[in-house]
Each structure stands twice: as C-alpha cells, then as structure tokens.
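For reference, the structure discussed in these notes is given below.
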Amino acid sequence: MPLPSVGEIKNYLRVDGSEDDTFLDSLIEAAKEDLTSSGITNQETARYTIAIKLLVANYYEERRPEVIGTSVAKNSYSLGRIIAQLKAEELPLDSELEETP
C-alpha cells in the first residue's frame, strides 16, 4: 500500500480547504521517518497506512500547546517522541563502539 495522500489524510482528519496541504504533506513525511526510525521496514501493509494516519493525526492535533484552565500542556507525545528518536539516532551502533582493553 502506498503512503496515504494529503487528500486521504484530510478526509481522515475531517479537514476542509487547502491551506494546510503543505503542512499535512510534511507531517506525512515526518510520520514515515518516525516509523522508519522505530525499525519499521514493511510499508506495504494496511497497518502501516493506519500508523501513518494515526501519527499524522497526533502531530496535527498537537501542533499548538493545549491550554487547560490556567496551565499549558506541553506537546508531550509528538515532540517527545521525535526528540527521543533523534537522540537515539545519534547513539553509536554496537559495531561503532570501540573495544577498550
């Protein structure tokens, strides 16, 4: 199955208009990178497509801080996950570690 299109994502999110098309396209790419960084290699399954849609929905909904009363919730899931994966990509692989005598 190919990656969902911006149109499919807009339908899934129930978003009208074209003002967010470029942003949604970048979220699709970020979701793809997120899954790749998580070790997902098989992009030909329905579950992969659903995972892309769920990640994009989460990114889209968390694009602004959520105000709850007088406190502001952080973009905990999306941003935290991205930061953790970017940090993990910076760690050396076992094969890159030098053995010390």
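We did not get these values from a lab; they are worked out from the coordinates using the rules stated. Everything quoted here is computed from the prediction, not taken from an experiment. As a convention, Cβ positions derive from the backbone with ideal geometry for all residues, glycine included, and neighbour counts pool all protein chains shown.
Observations
- Label zone at ILE40 (point 7 Å along Cα-to-Cβ), backbone N below 12 Å, segment 2-34: 3-4, 28-34
- Gain in span if fully extended, ARG63 to GLU33, counting 0.36 nm per residue against the direct Cα distance: 9.0 nm
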